[in-house]
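Colleague: Would you mind keeping the following structure in view while I ask a few things?
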Amino acid sequence: MSNLVVILHDQISESISSLKDFNKDSDLVLLYESYAYANRTKHHKKKLVLLLAAMRHFAVELEQDGYKIKYVKMNSNDDKGSLEDTIKSLSYEYTRVVVTEPSEYFQLQELKKLEIFTSLDLRPDDRFLASHQDFKDWSNARSSLLMEYFYREMRVKYDILMTDGKPEGGKWNYDSENRKTAKSNLTVPPTSFIEPDSITKDVISLVEENFPEHFGDIEPFHFAVTRKGALDVLQNFLDERLPLFGDYQDAMVSGEPWMFHAHISFYLNCGLLLPLECIKAAESYYQKGLVPLNAAEGFIRQILGWREFIRGIYWLKMPEYKDLNFLEAKNKLPNFYWDAKTKMNCLSNCVKDTKKNAYAHHIQRLMVLGNFALIAGLSPQEVNEWFLIVYADAYEWVELPNVSGMILFADGGYLASKPYAAGGSYINKMSDYCKGCDYSVTQKNGSNACPFNYLYWDFLVRNRDKLAKNPRIAMMYRTYDRMSEDKKLAIESDSKDFLRKISSDSYV
Ligand code: FAD
Ligand code: SF4
């Protein structure tokens, strides 16, 4: 009995389930650089460098550990044109093909087709902390799905931040303590900067040559591409930023794209870090008195709660989830999502950060880029494509529910109980963007008014038949109804004018 073990681009981990019973005498690992994957979505150049460099370093480490490896470089003679055809060309020498199930739906369908050619052992991805069946059982027992209840069960199951069966500190969730605005003299520690070695430099050249038209700046490239590097990034976060992670979780500051966030989603999603080790590390920092509870709990909730919940929804609802458009939003994505050329300082800053770093932190994605897409009625298909392209941590399993569910309400409220729509005052409260903006955040109407202000109301009016019954926003409709007719007409005409301008890519 001999196995061909296939390791996919986001399974870069020696503890992946496909390697669990690897026989170093008879088995072979296949690592395949997929041109098709790199080109199927025109990923940010930094994401391609990260994945290809991490795969190449991983192959070296496995070989040093005594694994037999077949490493197929992009466009080399060993490349049979696709991963599936390359597997087929090798599989006849092996009793079976072993793969940990892919994270994305389309890839699972492609791999399953191999079953007619070979014996395929598809293994669950036990890096995730809730299996598909766990999530199904949990969701079946409920009429509405709330992340908070899922998260509490996960805390109990993994015994994280629990004392005598009760949540540490007496509360499950310290989110209300995590909304401080940034003071002007706040010092944000720099993010980790890992110098590219010769392997990574080769990959940078390869990506430059093969994918010149892809979005984003390739240099400076400073991501970790090995497990050791990713562990160093985690350590740096625990020491430098976790203490204030909770306080400033929702804050946005011009020129500070990284804030007090962890910057580890790239590594969690490709395998260089494991979710449980990050959770336990944060818990132990709290237990040692090194960080406050609101910081440790806030961080742990993101991974044990949100990340697992999002993945659960994806696998429960695919493939239908991809086509949902509850609000029937149709407007095209404006060009400024690519070139940052807009007078709206918040959007311009977030797009510039994204292009440079293949990263924007959660509140930039949710309350600026996402909020605008929602209230401007942008098409879910175009918005999903953009979010999948531009971030180094983007994979459909995590991007799609965040975009269609969390920001666009395209699933009609399955994931989020209300749309995260907000006017300019939220952005003004949580950032310094408005100070440097051509628009006035305090003006509600007119050519100088912040577009978020009138688009917010126009969004509610446009979707009244679908949203008015939602108890969490019914009050906003009552507020709108009390407005004068002149005010309502101003909202309508400013919004029409603005939406017409963005549809023709005028400078707004
Ligand atoms: P931190 O803020 O430090 O949080 C720690 C970790 O928690 C993250 O690394 C991530 O693994 C996890 N996490 C936090 N929030 C979420 C969430 N909503 N869903 C899943 N995991 C979460 N995350 C991705 O990994 N890939 C994506 O493609 C992605 N697309 C997003 C699109 C939109 C519109 C929104 C609103 C959020 C998206 N997120 C995505 C979630 C979140 O914004 C990123 O995980 C986070 O910004 C990554 O930065 P960090 O590692 O510094 O995270
Ligand atoms: Fe953004 Fe409006 Fe503030 Fe300008 S005024 S930065 S558009 S929220």
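Colleague: Going down the table (LYS330/LYS496; LYS68/LYS228; LYS343/LYS444; LYS341/LYS418), which pairs top 19 Å between alpha carbons?
Modeller: LYS68/LYS228; LYS341/LYS418
Colleague: Quick one: compute the contact order of segment 77-176, relative version, from alpha carbon pairs under 8 angstrom and 6+ residues apart, as a percent.
Modeller: RCO, segment 77-176: 18 percent.
Colleague: If you don't mind, another one. Which distance in Å, rounded to a whole number, links the C-alpha centroids of segment 275-354 and segment 369-426?
Modeller: Measuring centre to centre over Cα atoms gives 10 Å.
Colleague: Further question on the same structure: For segment 40-150, what class follows from the C-alpha gyration tensor (a ≥ b ≥ c being the square roots of its eigenvalues): rounded when a/c is under 1.5, otherwise prolate if a/b is larger than b/c, else oblate?
Modeller: Prolate.
Colleague: Moving on. Measure up LYS183/LYS435; LYS171/LYS280; LYS70/LYS355; LYS317/LYS501 against 25 Å on the Cα-Cα distance and list the ones that go over.
Modeller: Result: LYS70/LYS355; LYS317/LYS501 exceed 25 Å.
Colleague: Would you please put 384-397, 456-469, 186-199 in order of how densely packed they are, using the mean number of other Cβ atoms within 10 angstrom per residue and starting with the highest?
Modeller: So the peptides 384-397, 456-469, 186-199, ranked by packing, come out 384-397, 456-469, 186-199.
Colleague: Continuing with this model, one more query. Please work out whether segment 265-351 counts as rounded, prolate or oblate from its C-alpha gyration tensor, where a ≥ b ≥ c are the square roots of the eigenvalues and a/c under 1.5 means rounded, while otherwise a/b larger than b/c means prolate and anything else oblate?
Modeller: It comes out oblate by the Cα gyration axes.
Colleague: Using only the Cα atoms of the chain, what semi-axes does the equivalent ellipsoid have when each is the square root of 5 times a gyration tensor eigenvalue? Give whole Å, largest first. Walk me through the numbers before you get to the answer.
Modeller: Values: eigenvalues 314, 133, 110 Å².
Each semi-axis is √(5λ); the values are 40, 26, 23 Å.
Colleague: Something else about it: So for the chain: antiparallel DSSP bridges make up what percent, rounded to the nearest 5?
Modeller: In the chain, approximately 10 percent of DSSP beta bridges are antiparallel ones.
Colleague: With +1 on each Lys and Arg Cβ and -1 on each Asp and Glu Cβ, and nothing else charged, work out how big the dipole of segment 89-177 is about its Cα centre, in Debye to the nearest 20.
Modeller: 200 debye
Colleague: Can you tell me the relative contact order of the chain? Whole percent, Cα pairs under 8 Å, sequence separation 6 or more.
Modeller: Relative contact order, the chain: 16 percent.
Colleague: What does the charge dipole of the chain about its Cα centre add up to, to the nearest 20 debye, if the Cβ of each Lys and Arg holds +1 and the Cβ of each Asp and Glu holds -1?
Modeller: 1720 debye
Colleague: With contacts defined as alpha carbon pairs under 8 Å and 6 or more residues apart, what's the relative contact order of segment 191-348 in percent? Let's see the in-between values first.
Modeller: Details: 106 pairs, mean separation 29.0, N = 158.
Taking the mean separation of contacting Cα pairs over the length of segment 191-348, I get 18 percent.
Colleague: Once fully extended, how much extra length lies between THR41 and THR181, figured as 0.36 nm per residue of separation less the alpha-carbon to alpha-carbon distance?
Modeller: That pair, THR41 and THR181, stretches by 46.8 nm at full extension.
Colleague: Rg and Dmax in Å for segment 380-462, alpha carbons only: what are they?
Modeller: When restricted to the Cα atoms of segment 380-462, Rg and Dmax are 15.0, 41 Å.
Colleague: Ok, one more. Rounded to the nearest 500, what is the 222 nm mean residue ellipticity of the chain from helices alone, with -39500 (n - 2.57) per DSSP H run of 4+ residues and division by all residues? Intermediate values should be presented prior to the final figure.
Modeller: On the way: 23 runs with 216 residues, N = 508.
After summing the helix terms and dividing by the residues of the chain, the value is -12000 deg cm²/dmol.
Colleague: For segment 207-277, just say rounded, prolate or oblate: build the C-alpha gyration tensor, square-root its eigenvalues into a ≥ b ≥ c, call rounded for a/c under 1.5, and beyond that prolate if a/b exceeds b/c, oblate if not.
Modeller: It comes out oblate by the Cα gyration axes.
Colleague: Sort 480-489, 347-356, 420-429, 498-507 by packing, meaning the average of other beta carbons within 10 Å per residue, with the highest value first.
Modeller: Details: 480-489: 11.1, 347-356: 22.0, 420-429: 19.8, 498-507: 13.6.
Those peptides, ordered most packed to least, come out 347-356, 420-429, 498-507, 480-489.
Colleague: Taking the dipole about the Cα centre of segment 1-117, with the C-beta of Lys and Arg at +1 and of Asp and Glu at -1, give me whichever of SER89, SER15, HIS43 is farthest to the positive side.
Modeller: So the residue furthest toward the plus end is HIS43.
All of the numbers you see were taken from the coordinates with simple rules; none came from a lab. Owing to the predicted nature of the structure, the values given are computational and were not obtained by experimental measurement. Counting neighbours? That spans all protein chains shown, and the Cβs are built from the backbone with ideal geometry, glycine included.
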